[in-house]
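The values are calculated or read from the model by the stated rules, or taken from the named source; none is laboratory data. Predicted model, so just to flag it, every value in this text is computed and none were measured. FYI the Cβ positions are ideal-geometry reconstructions off the backbone, even for glycines, and counts take in every protein chain you see.
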Amino acid sequence: MSKEHISAWEKCLNIIRDNVPGSSFKTWFEPIVPVKLDNKVLTIQVPSAFFYEYLEEQFIDILRKTLRMVLGTGAKLEYNVVMGGDTQTNGSPYTVSYPTNNNSKIQNQPLNIPLKADEKKSIKNPFIIPGIQKLQIDPQLKADNTFDNFIEGDCNRLARSAGYAVARNPGGTAFNPLMIYGNSGLGKTHLGQAIGIEVKENMPDKVVLYVNANKFQTQFTEATRNNNRNDFLHFYQMIDVLILDDVHEFAGKEKTQETFFHIFNHLHQTGKQLILTSDKPPIELKGMEQRLLSRFKWGLTADLQTPDFETRMEILRRKVYNDGISLSDEVLEYIASHVNNNVRELEGALVSLLAQSMLNKREITIDLTAKLINKLVKNSHRELSIEYISKVVCDYFNMPVESLQTKTRKREIVQARQITMFFSKSLTKYSLASIGAQIGNKDHATVLHACKTVNNLKDTDKNFRQYVEDIEKKLTM
């Protein structure tokens, strides 16, 4: 089999590597796979439509020149864009081909689907006082959560670039929805709100709304109780840019998922923009309808990772600069070296240090910094996941983690499942429905019963109490 396409692309990469920054090369060129070379037309495969658009916008000149150098005059580039699976493709990824230098961007094709509401009837807005009729809603955005205050690094470059592209052209790019995922404290909310702020600054007439999944759920419950579900649905269908935070909290909530499914469909089909955040990528979300997960994969899924030392230093420098404070690099380096879990803890440590200095009227020295930071690091609990708790419990009882997901009624497995639910409720921020969905696909009532059972057995069974205490030590050590 001819490997001319591989050889040609390797020659291109050697030239490109010398003409773009190392971080950009790693992010935008290493994931590319050469597919074929046919009559000076080189076809490359890119992992998403976002890659296609970004390469065309940012690197088309270097690509065009490099191709001519390697393949000669008349060389052309075509893309195979990997798209997410859906029901028509049996859930498997497929590719769509796009030629380079095509002025028509990949766009959502809006469908003219009118709202099924009487235009003369007022639509209730869950974000304003009942009785006040106006559609100019508060976008619920925090002014400090801008792109300028979001420090870019290798840990977040893809997500930030995608977010900025969305903000400049909401609903008009291929990455709709834009799903941002990562552990707690890495900046998902900040980035989502930064998109909203940028849209409002450049397109003030756009209706932008940030809402947390728990608040959405509460509003939906209230609307159902008051028989106003249609008004709730129609209100959200009027949003131009919807930023839904912590979508994983919908796990196990079937009615809420069904309603959001209809909202998602309407917004997407009418060319509106959706930004979603989650603690996991769609493929790892449990307790969610498959048709909803399939739609989450339609656009771009970008992760936020733990910031490296250089990024943590830049975050601290920006923070002290904005606060008008002067700290030595020695102090900042100590903080950045010892607080490395997430951005929230990093900024919290700096705030605590400044507070201690002001309250006690003490100069911020390396000794004061070390004393406080060591205390914070010692007392801080790492962010626990349900997967980690499940593993610790199952390791303790010497059983496979998969046993928690079975329907068996064996006493030892039921007991391990109940203990896992108990610690998931007490040591994480997940809702009962989300915990149940991830542990055996149970409902919230089962989780509540498990917690009560564990508490009762702790008081009446000495051996069981020892089990719980041993596992708790392993989880909190």
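Considering only residues that are touching an Asp or Glu at 6+ places or on another chain (Cβ under 9 Å), among the polar types (S, T, N, Q) and in a loop (DSSP other than H, G, I, E, B), which ones fall in region 261-317? The one that is touching an Asp or Glu at 6+ places or on another chain (Cβ under 9 Å), among the polar types (S, T, N, Q) and in a loop (DSSP other than H, G, I, E, B): GLN305. Among residues of region 58-81 being free of Cβ contacts under 8 Å to residues at least 60 places away in the same chain, in contact with a helix residue (DSSP H, G or I) (Cβ under 9 Å, 6 or more places away or on another chain) and assigned to a helix (DSSP H, G or I), the one that is farthest from VAL166 (Cα to Cα) is MET69. Can you pull out every residue in region 196-231 that is surrounded by fewer than 17 Cβ atoms within 10 Å (Cβ to Cβ), over 22 Å from the mean Cα position of the chain (by Cα) and outside any loop (DSSP other than H, G, I, E, B)? Answer for region 196-231, where residues must be surrounded by fewer than 17 Cβ atoms within 10 Å (Cβ to Cβ), over 22 Å from the mean Cα position of the chain (by Cα) and outside any loop (DSSP other than H, G, I, E, B): GLU201, ASN202, THR221, GLU222, THR224, ARG225, ARG229, ASN230. Just one of the listed residues (SER278, SER326, SER294) is crowded, with 20+ Cβ neighbours inside 10 Å, over 20 Å from ALA223 (Cβ atoms) and of a type in the set (Gly, Ala, Ser), namely SER278.
Selection over region 306-323 of residues that are touching a Gly at 6+ places or on another chain (Cβ under 8 Å), surrounded by 15 or more Cβ atoms within 10 Å (Cβ to Cβ) and of a type outside the set (Ser, Thr, Tyr) gives a count of 2.
Those helices (runs of 4 or more DSSP H) of region 372-477 in which at least 1 residues are closer than 29 Å to PRO282 by Cβ and in contact with a Ser or Thr (Cβ under 9 Å, 6 or more places away or on another chain), considering only elements entirely within it, cover 386-396, 411-427, 432-438, 444-460. The condition of being outside the structural domain of VAL447 (by TED's automatic domain parsing), under 12 Å from the mean Cα position of the chain (by Cα) and outside any strand (DSSP E or B) holds for HIS248. Residues of region 185-195 that are in contact with a Lys or Arg (Cβ under 7 Å, 6 or more places away or on another chain) and part of a helix (DSSP H, G or I): LEU191, GLN193. Looking for something basic (Lys, Arg) and either modelled with pLDDT of 80 or more or under 30 Å from ILE435 (Cβ atoms) (or both) - is there at least one such residue anywhere in region 357-373? No - not one qualifying residue is present in region 357-373. Which condition number does SER390 fail, the rest of (1) of a type in the set (S, T, N, Q); (2) surrounded by 15 or more Cβ atoms within 10 Å (Cβ to Cβ); (3) not assigned by TED's automatic domain parsing to the domain that holds VAL447 being met? Of (1) of a type in the set (S, T, N, Q); (2) surrounded by 15 or more Cβ atoms within 10 Å (Cβ to Cβ); (3) not assigned by TED's automatic domain parsing to the domain that holds VAL447, only one is false for SER390: (3). Residue check: ARG225 meets all listed conditions (1) within 17 Å of SER294 (Cα to Cα); (2) at pLDDT below 90 but one, namely (1). Considering region 232-259, and only residues there that are in contact with a strand residue (DSSP E or B) (Cβ under 8 Å, 6 or more places away or on another chain) and hydrophobic (A, V, I, L, M, F, W, C), the residue that is surrounded by the most Cβ atoms within 10 Å (Cβ to Cβ) turns out to be ILE243.
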